[in-house]
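Undergrad: Just passing along the structure, written as structure tokens.
The values are calculated or read from the model by the stated rules, or taken from the named source; none is laboratory data. These figures come from a predicted structure and were not determined experimentally. Cβ atoms come from the backbone with ideal geometry, glycine included; neighbour counts cover every protein chain shown. Ligands, DNA and RNA are excluded from the accessible area calculation, which covers all protein heavy atoms including side chains. Shrake-Rupley method; radii C 1.70, N 1.55, O 1.52, S 1.80 Å.
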Amino acid sequence: MRLTLRFLLIATILLMLGDSRVWKRLFHRSAGFYIELPAHTSRSMCGDFDVIVLQISKENLLTINSESVSREALAARINDIYRLRAERLLLIRADPNLTFQDVAKTIDIARGAVENLYVTLITPGAEKEPCLVILRPRTSR
């Protein structure tokens, strides 16, 4: 009986004094999206697949591989590009003066147009690489 009371008392104290961040992480579901950055790699690992780059300029103008596209037509154009592709990788190059909200809105439009779209941001450092390739993280076993 005493052991049960001690256990309940300790559990109550731990719950009351526990770090709220832990509880938020346990019971909070993320509503965001997962984005990776290009990996450093050698020229031999570039492969031969076509890279699709969506560029967002400081004026919020959109281009897909140097072809202008309006924000209203973006979802349809992305859908046309990836409809029959097995590799659904979209690289995004955004002007550094844009707000995060502007970039996130564009990513939301693109991800809503195609199922299982893998989005990656191109950083200024990645632009210096010999090729833009994504190395997906290994899953732990």
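Undergrad: For the stretch 80-104, enumerate the residues that are under 17 Å from Gly125 (Cβ atoms), out of contact with any helix residue (DSSP H, G or I) (no Cβ under 8 Å at 6 or more places or on another chain) and surrounded by 13 or more Cβ atoms within 10 Å (Cβ to Cβ). Before the answer, list the steps.
TA: Narrowing the stretch 80-104 to residues under 17 Å from Gly125 (Cβ atoms): 91-96.
If we keep only those that are out of contact with any helix residue (DSSP H, G or I) (no Cβ under 8 Å at 6 or more places or on another chain) too, we end up with 91, 95-96.
Once the filter is applied, which keeps residues that are under 17 Å from Gly125 (Cβ atoms), out of contact with any helix residue (DSSP H, G or I) (no Cβ under 8 Å at 6 or more places or on another chain) and surrounded by 13 or more Cβ atoms within 10 Å (Cβ to Cβ), the stretch 80-104 yields Leu91, Asp95.
Undergrad: So which pairs qualify, if the first residue must be in the stretch 95-108 and within 20 Å of Glu72 (Cα to Cα), the second must be open to solvent by less than 100 Å² (accessible area, probe 1.4 Å) and of a type in the set (Lys, Arg), the Cβ gap must be under 8 Å, and the two must be at least 6 apart or on different chains?
TA: Short answer, once both residue conditions are applied: Thr106/Arg71.
Undergrad: Then there's this: Of all residues in the stretch 64-83, which are among the polar types (S, T, N, Q) and over 16 Å from Asp108 (Cα atoms)? Even if it seems obvious, please write down each step before you answer.
TA: Looking only at the stretch 64-83, we keep the residues that are among the polar types (S, T, N, Q), and these are 65-66, 68, 70, 79.
Within the stretch 64-83, Asn65, Ser66, Ser68 qualify.
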